[in-house]
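Take a look at the structure below.
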Amino acid sequence: IPSLEEFLKNIIKNSTSTLPTYISTSQPLPETANKKLTFFLHSPLTLQLKDASGNITGLAKDGTVTGDISGATYGEFGEVKYIIAQAGNSYELILHGQDTGTFSLDIQESSGGVVTASSTIANVPTTPNTIVSLTLTGGINTASALTVDVNGDGKNIITLAPKVGETVNYEPPVPTPPVISSGGGGGW
């Protein structure tokens, strides 16, 4: 390789004032165009992604599919719904319940097709009225807590914070046993 040969000759001569073609003293900036966010939803919910301009890609409550976010795609593989979008942008992920059950959400960040970070939120309850949301202002490390309004009534909201490299399992609260009164009195 002529450029490498010239570079090595310059090093031996202790003359590095002029660098040959393709050799630089600074590292090139990473390509952000190859960075992607992928959302995999295993559940009876819809899956939509909304960008900062209000564009939406995904499956709506009424069953229609939209693809308004530039560079983002929505798809289904069996019962798994997914959205792939450019990383580095601000997004809101929105899910609407379609049936009663549980769901899991996998979030992956990749660069050049290689997964560089991931997080899973699993075993979260859902009903046909469930409303779920999460916001990101960049990669997975900027994700807000996932908010889950199981009954869609604005009460008893479940919040689960994604953790990079981990699975966060929803643990239902343990009910406190009722206090049983012995009735007073004294004796048998």
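The values are calculated or read from the model by the stated rules, or taken from the named source; none is laboratory data. All figures in this text were calculated on a predicted structure; none of them were measured in a lab. Cβ sites come from the backbone with ideal geometry, for glycine too, and all protein chains shown count toward neighbours. Ligands, DNA and RNA are stripped out before the accessible areas are found, and what is left, the full protein with its side chains, is counted by its heavy atoms. Shrake-Rupley method; radii C 1.70, N 1.55, O 1.52, S 1.80 Å.
Could you say whether any residue in segment 72-86 is outside any loop (DSSP other than H, G, I, E, B), of a type outside the set (A, V, I, L, M, F, W, C) and open to solvent by 80 Å² or more (accessible area, probe 1.4 Å)? Within segment 72-86, one or more residues are outside any loop (DSSP other than H, G, I, E, B), of a type outside the set (A, V, I, L, M, F, W, C) and open to solvent by 80 Å² or more (accessible area, probe 1.4 Å). Only residues that are β-branched (Val, Ile, Thr), within 22 Å of Thr116 (Cβ to Cβ) and in contact with a Leu (Cβ under 6 Å, 6 or more places away or on another chain) were counted across segment 129-174, and they come to 2. Which of the residues belonging to segment 146-159 are surrounded by fewer than 16 Cβ atoms within 10 Å (Cβ to Cβ) and touching a Pro at 6+ places or on another chain (Cβ under 9 Å)? Passing the criteria: only Gly152.
Being acidic (Asp, Glu) and assigned to a strand (DSSP E or B) holds for only one residue in Asp106, Asp99, Asp62, and it is Asp106.
Counting the residues of segment 124-165 that are assigned to a loop (DSSP other than H, G, I, E, B), in contact (Cβ under 8 Å) with a residue 12 or more places away in the chain and among the aliphatic types (A, V, I, L, M) gives 5. Does Pro178 count as at pLDDT below 95 and touching a Pro at 6+ places or on another chain (Cβ under 8 Å)? Judged against the criteria, Pro178 is not a match. If you go through segment 34-61 and pick out every residue that is open to solvent by 40 Å² or more (accessible area, probe 1.4 Å) and closer than 12 Å to Glu76 by Cβ, you end up with 2.
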